[in-house]
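Every number in this text was worked out from the coordinates using simple rules, so none of it is lab data. All values reported here derive from a predicted model rather than from experimental measurement. Note that each Cβ is placed from the backbone with ideal geometry, even for glycine, and that neighbours are counted across all protein chains shown.
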Amino acid sequence: SMIRALMYIEEAALEDESVQRKGVIFINYNGNNPTFGQFDRHLIGQWASSTKGCMPIRVSAIYILQIPTLFVVLLNLLKYLLGARLAKRLLIIPGSNEKCLTRLEKRGIAKELLPIEIGGKLMLDQEEWVRERMQAGK
């Protein structure tokens with residue numbers, strides 16, 4: 001399930017001591033024109049509950065990129081589900097990829113650390129990452 005996949009990624013991140021100290025940053029990107037159907041409120045609620053109560057992970061920030069104005073209602077729901085502490089760390093960044101990159105860079109996240117899909121320079125290969133983890137017995 002998606003929740004199990006997210007929890008596995010969080011567990012993998014926790015293997016790094018700097019992540020344990022500094023926390024993680026989640027960046028949500030659904031393309032330039034996300035649809036209402038792409039936002040699964042039930043999944044968001046499950047993830048928020050597991051992150052708040054079960055996972056010993058520190059969330060430094062949650063960035064949601066290029067969200068249409070229509071989804072502001074969903075964001076209020078999301079903030080409620082996250083709780084006050086995580087809601088303060090939620091930032092919506094509307095606009096083009098370039099505007100998003102500029103705002104992320106102002107927050108200390110360089111293009112070299114962001115995936116190509118959002119205009120960054122990092123080429124992600126999820127299949128290779130999973131293969132490496134499987135070979136390492138994780």
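Testing the spin-label approximation: label points 7 Å from Cα along Cα→Cβ at E15 and K106. State their distance in nm.
3.6 nm
Taking 7 Å along the Cα-to-C-beta vector as the label spot, tell me the L91-Q126 distance in nanometres, rounded to one decimal.
Here the modelled spin labels are 2.5 nm apart.
If amide H atoms are built 1.01 Å from N in the plane of the peptide, which residues on other chains or at least 5 residues away come under 5 Å of the amide H of L90?
I62
Hey, which aspartates and glutamates would be in cross-link range of K111, C-alpha to C-alpha under 14 Å, not counting anything within fewer than 8 residues on its own chain?
E98
If the chain between M55 and L74 were fully stretched, how many nm would it gain, using 0.36 nm times the residue separation less the Cα-Cα distance?
Values: separation 19, 0.36 × 19 = 6.84 nm, distance 2.39 nm.
Using 0.36 nm per residue and subtracting the Cα-Cα distance, I get 4.5 nm.
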